[in-house]
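Working notes for the structure below.
Read the figures in this text as sums done on the coordinates, not as results from a lab. None of these values were measured; they are calculated from a predicted model. Neighbour counts are summed over all protein chains in view; Cβ atoms, including those assigned to glycine, are modelled from backbone coordinates with ideal geometry.
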Amino acid sequence: MLALQRDQYLPLKVIKEKLALYDQGHDVLGEATGTVDVREDREPSASEQEAEQPLRHRIAALAEGTFAHPASGSATYGREELLAQSGLSRAALAEIEDARLIAPQTSGRYDEDALIVATVAARLAVRGVEVRHIKPTRHTVDRELGQIEMLLAAQRKRRLSGGAADLQSLAEAQREVAGGFLALHAALLRIALRTSI
């Protein structure tokens, strides 16, 4: 891909699109490779369409994507499967469980979110980030959960006696507020990283 940029002067945006196609199994390296006129009429990419959406829609989509619950009967993983799929060591998994970052379900199996945490921890370990470095994340989550519950306490009290529709509305409010916290956290971290370089 770097050769495409060097030899054909492709813009990084076009290379990014080619990488996305490559990840989907398309043979982008074997395609005819002439120089690309970036002014040509074409359909905007998914990332460009997403950038054109109002910010509030993007935050809502982030919340929905992050907090959408897997359907019942969704994939679960035994301990050995979790270790194999995440690349996490046994010692690191024990540390993660001790830090209350993940825990098996009552069935003894792990859900998809546990697999995500284990995989991220394994990938961070490659960069020298140890489990002790990510332990404070649990405290941050607990603090944010406390804030969200406090902010939604009045709605919770009113809706717990209102039946299924009100409970669904409360769940939507929780997802929206949590998505806002998540977007805020990501934006503040990006700002801090930019100013620290």
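Please list the three semi-axes, largest first and in whole Å, of the ellipsoid equivalent to segment 79-196, using sqrt of 5 times the eigenvalues of its alpha carbon gyration tensor. Mind dumping the intermediate values first?
Numbers: eigenvalues 186, 91, 26 Å².
Calculated on Cα positions only, the semi-axes equal 31, 21, 11 Å.
A simple count of charges around residue 89, restricted to other residues whose Cβ falls under 12 Å of its Cβ and scoring Lys, Arg +1 and Asp, Glu -1, yields -1. For the pair residue 98 and residue 156, a Förster radius of 30 Å applied to the C-beta separation gives a FRET efficiency near 0.45, rounded to the nearest 0.05.
Could you compute the net charge surrounding residue 135? Neighbours are other residues with a C-beta less than 10 Å from the C-beta of residue 135; K and R count +1, D and E count -1. List each step's numbers first, then the result.
Working: positive: 100, 132, 138; negative: 95, 98, 130.
Residues close to residue 135 contribute a combined charge of 0.
Here the dipole of segment 79-196 is about 360 debye; that uses its Cα centre as origin and unit charges on the Cβ of Lys and Arg (positive) and Asp and Glu (negative).
Between residue 80 and residue 192, the modelled labels are 4.1 nm apart [label points 7 Å from Cα along Cα→Cβ].
Ordering 196, 169, 74 from the fewest to the most neighbouring beta carbons within 10 Å gives 196, 74, 169.
Please report the net charge: other residues with Cβ closer than 12 Å to the Cβ of residue 100, K and R +1, D and E -1. Summing Lys and Arg as +1 and Asp and Glu as -1 gives -2. Zone of residue 130 (label point 7 Å along Cα→Cβ, backbone N under 17 Å): which residues in segment 94-114? So the set is 94-100. Can you sort 76, 140, 119, 195 by how many other beta carbons sit within 10 Å, fewest first? Listing 76, 140, 119, 195 from fewest to most nearby Cβ atoms yields 195, 140, 119, 76.
Over segment 76-163, what is the relative contact order in whole percent, taking alpha-carbon pairs under 8 Å and six or more residues apart? Relative contact order for segment 76-163 comes out at 30 percent.
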